[in-house]
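The numbers here are math on the coordinates, done by the rules we state, and not lab data. Keep in mind that what you see is a predicted model, and the values were worked out from it rather than measured. All Cβ positions, glycine included, derive from the backbone under ideal geometry; neighbour counts span all protein chains shown.
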Amino acid sequence: MSEDLQSLLERINRDGVEKARAEAAKIVADAKAEAAKIVKEAQALAAATKAESERVAEDNAERAAETIRQSARDTLRKVEDSVTELLKKLLAENVDRALANEKTLTEIASKVVVEFATTGDVEVAAAGKFASALKAALASKPSIKVVTDETLGTGFSVKLDGGRVEHSFKGDVLAEELSRRLRPELAKLVRG
């Protein structure tokens, strides 16, 4: 009997070892499969994260480029506006200086007023000494009336058609008109 028992024990031992080995192999195979699945999911997640990061980076680069372009346009506009304001100020100063010269202003005004006088009666308004000089220069033109208007400062104004049409040749008006005409050329210079 002891032989039978020995043989039975050996068979039980062999069956147990084989069963343990089979279970261990299955556990190892399952663990490898689970590890492969985890690695595959991690790689997919890494690829998705990388793609999203690249998309976000492209979006950020695009927004940054647009911000730079907008800043460049804003800077250019500010430079253009600053130069335009400086030009307007210089024009105003130079026009006022030119209009302050009684002889020059009398010559300019006489020519302008005589041109307007071809359409009918004209009234010219000017300040102080300039009004007197203009009256003397235009004394031979009966259709031109020269009046004194101290509110004009530099320059003069011309009224036609019984006062319904008025043209102003004051310093600030002339400087603004010159500035308006020069602005497109200035913009071309600033923008290159």
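Per DSSP H run of at least 4 residues, take -39500 (n - 2.57); add these up for the chain, divide by its residues and hand me the 222 nm value, nearest 500 deg cm²/dmol.
-28000 deg cm²/dmol
Output the peptides 33-46, 99-112 sorted from most to least packed, where packing is the average of other Cβ atoms within 10 Å over each peptide's residues.
Answer by packing, highest mean first, reads 99-112, 33-46.
About the Cα centre, and with charges only on the beta carbon of Lys, Arg (+1) and Asp, Glu (-1), how big is the dipole of the chain? Nearest 20 debye, please.
So the magnitude is around 920 debye.
Report the equivalent ellipsoid semi-axes for region 36-192 in whole Å, largest first, defined as the square roots of five times the eigenvalues of the gyration tensor built from alpha carbon atoms.
Square roots of five times the eigenvalues give 68, 15, 10 Å.
Based on DSSP H assignment, which helices of the chain show an axial Cα extent of at least 24 Å together with a mean Kyte-Doolittle hydropathy greater than or equal to -1.0?
2-100, 171-191
Could you tell me how far the Cα centroid of region 105-151 sits from the Cα centroid of region 1-45, in Å?
A separation of 120 Å, based on Cα centres.
Long-range amide H contacts for V147: which residues qualify at under 5 Å (H placed 1.01 Å from N, peptide plane, sequence gap of 5 or more or a different chain)?
Those lying under 5 Å, H to H, from V147 are V124, A125, A126.
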